[in-house]
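The values are calculated or read from the model by the stated rules, or taken from the named source; none is laboratory data. Computed from a predicted model, the values in this text were never measured in an experiment. Counting neighbours? That spans all protein chains shown, and the Cβs are built from the backbone with ideal geometry, glycine included. In case anyone asks, the SASA skips ligands and DNA or RNA and just uses the protein heavy atoms, side chains included. Shrake-Rupley method; radii C 1.70, N 1.55, O 1.52, S 1.80 Å.
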Amino acid sequence: MAADPWVDLTAELDAWAAAGRAASFWWRDDDATAPSPALDRLLGRAEACGVPLALAVIPATAGPALGDRLAAAPAGIRVLVHGWSHGNHARPDKKKSELACGRPMAEMTADLARGRARLDELFGPRLLPVLAPPWNRLPAPLIRELPAVGLFGLSRFKPRKTRSPAPGVVEVNTHIDPIDWHGGRGFTGEVAALGAIAAHLAARRTGRADPTEPTGLLTHHLVHDQALDGFLDRLMAHFAAHPAVIWPDLQTVFAA
């Protein structure tokens, strides 16, 4: 390991370039419900960098004001279905999950159907029919039911095991979360964040992870601190300066 984690990241990107390969990335941000200064910073950053952004919106609490705000956003800003209410339905001894094992299947599919319908009403063609489950969790049998409620994509966290976990469903996950959720909810720091990016890229390049799954950045704009915002600015500038980095449009990322 080099003393500077930016050097390690550059070295990994250089390895992609030397192999004549493009290092693809995508960006998902969770928990949007309404316009805010934090959302404005997020959208402004994506627009300034020319980077597509998937905004996972909570249908139950999203309103027309968010629809109006996104109407003025670049075309590369797309909306994903973030469950229904982001409420925890897991048993006390289990990890938090809205789409929890033990909930009736009909109840969960009804929530997802009305969530998709709500976001379609608010955002129209900006909506991608992709589920980003709250807390990145859902029971496996529910995945098979997603196409029946008009959802043909799935996005969780960690490298995917397969591109299509059920007929008619494409999974594209996120892999880097720069927030320290268990240690104060601040920025994890450059060493951890850059190390995670370089590690996933290396796993893809060497075949230890699906090489066709873009490396996914997961953020939560409502809890960003100044250190994380500054890091994102540096990261986007670093990516923009490297010829191996590409950002496919989100329609292409989730294409069947």
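At-a-glance table
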{"item": "Per residue accessible area of the chain, 1.4 Å probe, in Å²", "result": "44"}
{"item": "Prolate/oblate/rounded label for region 46-96 (Cα gyration tensor, a/c 1.5)", "result": "oblate"}
{"item": "The chain: angle of helix 190-205 to the longest principal axis, Cα-based, in degrees nearest 10", "result": "90"}
{"item": "Kirkwood-Stokes translational diffusion coefficient of the chain, alpha-carbon pairs, 25 °C, 0.890 mPa s, µm²/s", "result": "131"}
{"item": "Between helix 5-18 and the chain: long-axis angle, C-alpha atoms, 0 to 90°, nearest 10", "result": "90"}
{"item": "For SER97, distant residues with modelled amide H under 5 Å away", "result": "HIS89, ALA90"}
{"item": "Gap separating the Cα centres of region 215-229 and region 33-48, nearest whole Å", "result": "11"}
{"item": "Region 149-210-region 1-28 distance, computed between alpha-carbon centres (Å)", "result": "16"}
{"item": "Degrees separating the helix 105-123 axis from the principal Cα axis of the chain, which is the longest one", "result": "70"}
{"item": "Inter-label distance, nm, simple model (7 Å from Cα along the C-beta direction), ARG103/ASP4", "result": "4.7"}
{"item": "Selection of trypsin sites (Lys or Arg not before Pro), region 153-186, meeting DSSP coil and at most 10 other Cβ within 10 Å", "result": "LYS161"}
{"item": "Carbon and sulfur %, accessible surface of the chain computed with the full protein complex present, 1.4 Å", "result": "56"}
{"item": "Ellipticity estimate at 222 nm from DSSP helix runs (n ≥ 4, -39,500 (n - 2.57)) divided over the chain, nearest 500", "result": "-11000 deg cm²/dmol"}
{"item": "Charge tally in the Cβ shell below 15 Å around GLY44, where Lys, Arg are +1 and Asp, Glu are -1, GLY44 excluded", "result": "-2"}
{"item": "Loop sites in region 188-243: trypsin sites (Lys or Arg not before Pro), DSSP, at most 15 other Cβ within 10 Å", "result": "ARG208"}
{"item": "Compactness of region 108-256, expressed as Rg and Dmax over alpha-carbon positions, Å", "result": "16.6, 45"}
{"item": "Anisotropy class of region 67-114 from Cα gyration tensor, a/c 1.5 cut", "result": "prolate"}
{"item": "Residues GLU47 and ALA110, FRET efficiency given R0 of 30 Å [Cβ-Cβ distance, rounded to 0.05]", "result": "0.25"}
{"item": "Three-way shape label, region 57-195, alpha-carbon gyration tensor, a/c 1.5", "result": "rounded"}
{"item": "Descending Cα extents along the principal axes, region 1-55, whole Å", "result": "43, 27, 20"}
